[in-house]
């Protein structure tokens with residue numbers, strides 16, 4: 001988890017684990033110290049030629065942590081669902097869905113929400129790690145909304161020099177309001193002197209969602225920004241950071257597949 005997303009309590013625990021004193025320090029101060037600590041480690045790895053190994057180690061640890069947390073969330077939700085009122089299964093049966101099928105549908109629908117959330121957060125954070133390894137001075141930045149009252153600020157996932165990079169694992173929204181908000185966001189970023197760049201690894205497959213993305217692509221290009229999706233997004237991260245994130249993730253996935261086969 002990126003230190004910016006940690007609660008103060010989580011941040012205290014993390015900082016103590018890497019030898020940073022936390023007593024009497026604010027969250028912003030600890031975030032700075034934690035990032036400085038990571039920059040120092042990366043600089044050392046760069047100097048001794050072990051940067052790629054360290055990157056793989058960090059992303060592997062991130063994958064393990066997300067996998068563990070996801071598993072715990074799914075188990076807990078399944079236990080909670082055992083106490084749910086299932087009287088609505090009557091309507092399922094009327095529509096030709098058996099009680100057994102209804103249980104499975106509800107179970108997958110509930111746990112699927114966790115999977116999508118964790119998959120997105122993991123990939124976006126893994127991409128951030130690659131960019132941080134290439135530019136340890138970059139990172140998340142909040143900018144004041146110059147185009148309206150709400151929201152007060154917009155978040156730049158990674159400010160890489162003058163490039164304001166937004167990282168998305170995928171965006172399947174079909175909500176027209178999404179276009180308005182994104183247009184405001186892009187114009188705000190441009191007004192702060194940054195170049196808006198959208199990097200989305202998986203393109204939506206539904207027609208309406210695809211139309212939304214085509215509109216967003218036009219919005220980005222209209223302000224001199226850039227839009228990368230699908231294979232182009234993976235290539236962008238590789239070109240900008242120097243690290244082949246897709247290859248690293250494929251290596252982790254293949255290892256997990258093998259571990260699963262060994263257990264069976």
Single condition residue 74 does not satisfy, out of (1) surrounded by 15 or more Cβ atoms within 10 Å (Cβ to Cβ); (2) within 14 Å of the chain's Cα centre (by Cα): (2)
Only one of 213, 205 that is touching a strand residue (DSSP E or B) at 6+ places or on another chain (Cβ under 9 Å) and either modelled with pLDDT of 95 or more or at negative phi (or both): 213
Residue list for segment 195-216, filter: touching a helix residue (DSSP H, G or I) at 6+ places or on another chain (Cβ under 7 Å) and assigned to a helix (DSSP H, G or I): 212, 215, 216
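Per-residue answers, yes or no, for (1) over 30 Å from residue 246 (Cα atoms); (2) at pLDDT below 95; (3) touching a helix residue (DSSP H, G or I) at 6+ places or on another chain (Cβ under 6 Å):
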position	(1), (2), (3)
26	yes, yes, no
29	yes, yes, no
32	no, yes, no
38	no, yes, no
44	no, yes, no
61	no, yes, no
84	yes, yes, no
91	yes, no, no
94	yes, no, no
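Here's the yes/no breakdown for (1) surrounded by 17 or more Cβ atoms within 10 Å (Cβ to Cβ); (2) on the phi > 0 side of the Ramachandran plot; (3) part of a helix (DSSP H, G or I):
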position	(1), (2), (3)
46	no, no, yes
56	no, no, yes
64	no, no, yes
68	no, no, yes
84	no, no, no
100	no, no, yes
109	no, no, yes
113	no, no, yes
130	yes, no, yes
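The values are calculated or read from the model by the stated rules, or taken from the named source; none is laboratory data. These figures come from a predicted structure and were not determined experimentally. Glycine gets a Cβ as well: all are built from the backbone with ideal geometry, and neighbour counts include every protein chain shown.
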